[in-house]
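Here the structure is laid out as structure tokens; the discussion comes afterwards.
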Amino acid sequence: MLDKHVLKSAKWRASWVGGTKYEVRNFDGEKFTIGIDIKYCSCRLWALYGLPYEHVVCVIYAHSGDPHEFVDSCYSSTINPINGENMWVSQPNVPIILPSVYRVPIRRPKKARRREKDELENKTKWRRCNTSHTCQNYDTYGHNK
């Protein structure tokens, strides 16, 4: 992966700003600031992935360094391969654990919660069908207030 970034670093130009800080530009007009000593790049990909990207590799070469020295330590260890599943030793005494059954609802869920049988209906809600409401002030029909 780093070799691809080394090849693509040719389209970037590094400018020394001061100390160990650089500014890199490409021909499309993109610009990034890079701090070699603190392993910082304004694109934040170097901190995210741990690999110096093409514009960082350009600065490392301008600083007379080796890009492999700036790779994060998590890439230095190797992961050993394992045999395929057909080569695994079977364990006859271990019970097979099946995944839990997940019941998918058939239709859209109801809006209101289901009330218990002994729970009373909400009396504060006004029913709009087959009812008449009286005014609280005048005690007459026709309006609610």
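Does A47 satisfy the criteria of being out of contact with any Asp or Glu (no Cβ under 8 Å at 6 or more places or on another chain), within 24 Å of A10 (Cα to Cα) and surrounded by 14 or more Cβ atoms within 10 Å (Cβ to Cβ)? Show your work before the answer.
Values: out of contact with any Asp or Glu (no Cβ under 8 Å at 6 or more places or on another chain): yes; within 24 Å of A10 (Cα to Cα): yes; surrounded by 14 or more Cβ atoms within 10 Å (Cβ to Cβ): no.
When the stated conditions are applied, A47 does not pass them.
Among the residues of the stretch 19-36, is there at least one that is aromatic (F, W, Y), surrounded by fewer than 11 Cβ atoms within 10 Å (Cβ to Cβ) and farther than 15 Å from A62 by Cα? So far as the stretch 19-36 goes, yes, one or more of its residues are aromatic (F, W, Y), surrounded by fewer than 11 Cβ atoms within 10 Å (Cβ to Cβ) and farther than 15 Å from A62 by Cα. N93 satisfies every condition listed in (1) modelled with pLDDT of 85 or more; (2) among the polar types (S, T, N, Q); (3) surrounded by 10 or more Cβ atoms within 10 Å (Cβ to Cβ) except (3). Answer yes or no: is there a residue in the stretch 62-69 that is outside any helix (DSSP H, G or I), at positive phi and at pLDDT 80 or above. Yes, the stretch 62-69 contains a residue that is outside any helix (DSSP H, G or I), at positive phi and at pLDDT 80 or above.
When the stretch 69-87 is examined, which residues are found to be among the hydrophobic types (A, V, I, L, M, F, W, C) and either over 19 Å from V56 (Cα atoms) or surrounded by 10 or more Cβ atoms within 10 Å (Cβ to Cβ) (or both)? Selection gives F70, V71, I79, I82, M87.
Restricting the first member to the stretch 68-95 and to residues that are under 20 Å from K4 (Cβ atoms), and the second to residues that are surrounded by 10 or more Cβ atoms within 10 Å (Cβ to Cβ) and among the acidic types (D, E), no beta-carbon pair is closer than 8 Å while six or more apart or on different chains.
If we scan the stretch 24-47, do we find a residue that is of a type outside the set (G, A, S), assigned to a loop (DSSP other than H, G, I, E, B) and touching a His at 6+ places or on another chain (Cβ under 7 Å)? Within the stretch 24-47 (the criterion being of a type outside the set (G, A, S), assigned to a loop (DSSP other than H, G, I, E, B) and touching a His at 6+ places or on another chain (Cβ under 7 Å)), the answer is yes, since at least one residue qualifies.
The values are calculated or read from the model by the stated rules, or taken from the named source; none is laboratory data. Nothing here was measured: the structure is a model prediction, and the numbers come from that model. Here Cβ is always computed from backbone atoms with ideal geometry, including for glycine, and neighbour counts include all displayed protein chains.
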